[in-house]
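The values are calculated or read from the model by the stated rules, or taken from the named source; none is laboratory data. None of the values given here were measured: they were computed from a predicted structure. No Cβ is skipped: glycine too gets one built from the backbone with ideal geometry, and neighbour counts run over all protein chains shown. Areas reflect the complete protein model, heavy atoms only, side chains present, ligands, DNA and RNA absent. Shrake-Rupley method; radii C 1.70, N 1.55, O 1.52, S 1.80 Å.
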Amino acid sequence: MSKLTIYHGSPVIIEKPQFGVGNPNNDYGLGFYCTETLDLAKEWACSAETDGYANKYTLNMTDLTVLNLTGGDYHILNWLAILLENRKFRIGGEVARQARKYIFENFGIDYKKYDVIKGYRADDSYFSFASAFLNNTISLSQLERAMVLGKLGEQVVAISEKAFDAITFKEAIAAPNEIYYPKKLARDTAARDEFQKEKGRGSILTETYILDIIRRGWKNDDSRLQRIVLG
């Protein structure tokens, strides 16, 4: 596909995304965060107090390098290694500190060399799932299943200046907060509710937890790491 239609949810219209501007502590670092789903962009655009816009663009993919974290070549721990590098949060407890170090050293990938990243969106719900995994309270398979709970969506992130130059603005589509903010809350609540149910399904006798992975010395090419997470 040479051109990709993407949407960026925002309280303002953004006709020309600016390279090097924004929050460096987002999931994949500094970049322009979008989705291929219009309704998701509308939800992300709204707050409780303000309306927003789903800014629509085309992204010319010709000659762009793409890191697709959900396409089958990577696994959930690759995603988690990137998240841990960029998101700022307090690591509580020795297990979580050792887990963070082990994931960095064994599952990190050179994601900064790519122009575009496609992958899971780590909003507050997903972030709580990742934290639970680091603290050894949910298993690897539960973390994988959590990625599709509530259908919180995947994102397309322009990382390089070359990718920013390939973005063309098309239109800004209104997103009334009285419609889309409740949808955003409902989606998040559904994810959290499903996650609480999922936590009760795990078994410490049969599931694999982060301490098991560390003790058994799993590496990035381990065949037990699932490359495709099914929704």
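Of the candidates 103, 82, the single residue that is over 15 Å from the mean Cα position of the chain (by Cα), crowded, with 22+ Cβ neighbours inside 10 Å and in a helix (DSSP H, G or I) is 103.
The helices (runs of 4 or more DSSP H) located wholly in the stretch 132-202 that include 1 or more residues which are free of Cβ contacts under 8 Å to residues at least 60 places away in the same chain and not acidic (Asp, Glu) occupy 140-146, 177-199. Whenever a residue of the stretch 99-117 is at positive phi, it has no partner that is assigned to a helix (DSSP H, G or I) lying with C-beta atoms less than 7 angstrom away and at least six residues away or across chains.
Yes or no: residue 74 open to solvent by 10 Å² or more (accessible area, probe 1.4 Å) and in contact with a helix residue (DSSP H, G or I) (Cβ under 6 Å, 6 or more places away or on another chain)? No.
The single condition among (1) of a type in the set (S, T, N, Q); (2) open to solvent by 60 Å² or more (accessible area, probe 1.4 Å); (3) modelled with pLDDT under 95 that residue 26 does not meet is (2).
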